[in-house]
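Reading through the structure tokens given below for one structure.
The values are calculated or read from the model by the stated rules, or taken from the named source; none is laboratory data. The model shown is predicted, which means the values in this text are computed figures rather than measured ones. Counting neighbours? That spans all protein chains shown, and the Cβs are built from the backbone with ideal geometry, glycine included. Accessible surface is based on the protein model in full, side chains and every heavy atom, while ligands, DNA and RNA are left aside. Shrake-Rupley method; radii C 1.70, N 1.55, O 1.52, S 1.80 Å.
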Amino acid sequence: MTHVLYLAHDLADPAIRRRVMMLQAGGARVSLAGFTRGENALASVDGLSPIVLGETADGRFAQRITAVGKSCVALSGQMRGVEKPDVIIARNLEMLAVARRASSIFGRDIPVVYECLDIHRLLLNEGAAGKLVNAIQRHLASDAKLLITSSPAFVTHYFAPRSGLALPVLLQENKVLALHGTVQDKPTARPPKEGQPWKIGWFGALRCRKSLGILADFAGRMDGKVEVVLRGRPAHSEFDDFEGFVAKSPHMSFHGAYKNPEDLQSIYQDVQFTWAIDFFEEGQNSSWLLPNRLYEGCLYGALPIAVTGTETARFLEKRSIGHVLQTADADSLQAFFTGLTEESYLKSAENLAAVDRTQWMADQQDCLQLVQKLASLAAPKSGRALEASLSTA
């Protein structure tokens, strides 16, 4: 059985829980270690007690560097009860430093995998700070054997032309983990009953101040004809008063965190549309990512709303699904929903339901293939160049 040491930047991140569950479903034995960044009991994995390496703060890069440095010093003691792993996975750049230290403790023969599902703005900085961070990344990843990322645009726009990393790439899209036949074959259309509003769901990591403003403005204009439902984990470092703002915004509500993947069907089937737009790092990471909510919403029949010029829009247009705004603002949303009819909604829902369900979900076979790929890294290979499996793009 392959033993994976998974090093997590944020133990409360639901995506960490999903990856650990995926590794376990693929037959791996997982040891989990990482930093806490807020509380989220819903992100715990049954039967797994993580090793807490310290605490970090969202949006405070210097503090995170200090915490990582302290952890590296104390890591030998923290890893005392962990058996030698077959593979080490480092989630995000800061965990590469921890992985490098861990490999020196357990043995340099252990392959390290770099999992990077977001491109931090510092990596795209053209100045001295950006050059320094990229140099650090190249150094920390110099012994890595594989790069895992979630969008082909990350490879096209950053890893291939700018990162300087010479690693093979494994594309692992943010698909819904669907084990034991838990996902229905096809979603059903659900137009609102007479007198009821259309609903837009914005679920997951809520970190985009601009999106919140646009949706609040739009919901207020529609005067009850459209309701905006928010669920997930707000990044409070990005908002002055997230809960207070939502409470004062008419026809907008926040319902807290949810369990992923267990609660996805119920929350997405409560809405007709998914807000799949992000401006957190506009023109960079936000334009290149393929977000979790895209796959989650599509799997459960919530039509995605994207904005032109992004990887998400390109993804939707290639499959003729969802709706792409030419401009992401309250005016464009108002024009779309003012012209929306039940007939046009049903046609869009039909198009979405026709897409092969495997586009949106990772099943047992996907889990097995991931673990098999990780296990194969134990046999060293040379002469591997940076390349990505882009067949799904």
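The distance separating the Cα centre of the stretch 43-90 from that of the stretch 255-301 comes to 28 Å. Using Cα-Cα distances under 8 Å and only pairs 6 or more residues apart, what relative contact order does the chain have, in percent? Relative contact order comes out at 18 percent.
Of all DSSP-defined beta bridges confined to the chain, some 0% are antiparallel rather than parallel. Here the dipole of the chain is about 1180 debye; that uses its Cα centre as origin and unit charges on the Cβ of Lys and Arg (positive) and Asp and Glu (negative). Working from label points 7 Å from Cα in the Cα-to-Cβ sense, the V355 to D240 distance is 3.7 nm.
In terms of accessible area, using a 1.4 Å probe and ignoring ligands and nucleic acids, H9, H157, H139 rank largest first as H139, H157, H9. When +1 charges are put on Lys and Arg Cβ atoms and -1 charges on Asp and Glu Cβ atoms, the dipole computed for the stretch 153-305 relative to its Cα centre reaches about 180 debye. Seen from a random direction on average, the alpha-carbon convex hull of the stretch 69-147 projects onto 5.4 square nanometres. With the biggest extent put first, the Cα atoms of the stretch 1-152 measure 45, 35, 35 Å across the principal axes.
Label reach from E342 (point 7 Å along Cα→C-beta): in the stretch 253-295, amide nitrogens under 19 Å belong to 270-273. To put it simply, the accessible area of the stretch 269-363 at a 1.4 Å probe is 47 percent carbon and sulfur.
With q set to 0.07, 0.10, 0.14 Å⁻¹, the log10 of I(q)/I(0) for the chain, from the Debye formula over equal scatterers at the Cα positions, is -0.32, -0.67, -1.29. Sorting 257-264, 120-127 by their mean Cβ neighbour count within 10 Å, with the most densely packed peptide first, gives 257-264, 120-127. The H on the amide N of L206, modeled in the peptide plane, is under 5 Å from the matching H of R233, A235, each at least 5 residues off or on a different chain. Annotation for S76 and Q326: the two label points, set 7 Å from Cα along the Cα-Cβ direction, are 6.5 nm apart. Considering helices alone, the calculated mean residue ellipticity of the chain at 222 nm is -10500 deg cm²/dmol, with DSSP H runs of length four and up weighted by -39500 (n - 2.57) and normalised per residue. Computed over the Cα atoms of the stretch 184-254, pair by distinct pair, the Kirkwood hydrodynamic radius stands at 13.1 angstrom.
At q = 0.12, 0.18 Å⁻¹ the log10 of I(q)/I(0) for the stretch 126-270 amounts to -0.77, -1.10, computed by Debye summation with a single uniform scatterer per C-alpha, solvent ignored. When the Cα positions of M222, A141, P168 are compared along the charge dipole of the stretch 131-223, A141 comes out farthest toward the positive end, with charges on each C-beta of Lys, Arg, Asp and Glu. On a full-extension model of 0.36 nm per residue, what is the gain between R138 and D217, subtracting their alpha-carbon distance, rounded to one decimal in nm? Working it through step by step, the gained length comes to 24.1 nm.
Candidate cross-link partners of K210 among the lysines, defined by an alpha-carbon separation under 29 Å and a same-chain spacing of 8 or more, comprise K131, K175, K199, K225, K248, K259, K318. Per residue, the chain exposes 43 Å² of solvent-accessible protein surface, assessed with a 1.4 angstrom probe and all protein chains in place.
Each label was represented as a point 7 Å from its Cα along the Cα-to-Cβ direction; for L48 and D270 these points are 2.7 nm apart.
Extension gain, K84 to R190, is 33.1 nm, computed as 0.36 nm per intervening residue step minus the present C-alpha separation. Listed by number, the DSSP H helices of the chain that run 24 Å or longer by alpha-carbon position along their axis and have mean Kyte hydropathy of at least -0.5 are 61-78.
Note on the stretch 293-383: with charges restricted to the Cβ of Lys and Arg (+1) and Asp and Glu (-1), its dipole about the Cα centre is near 500 debye.
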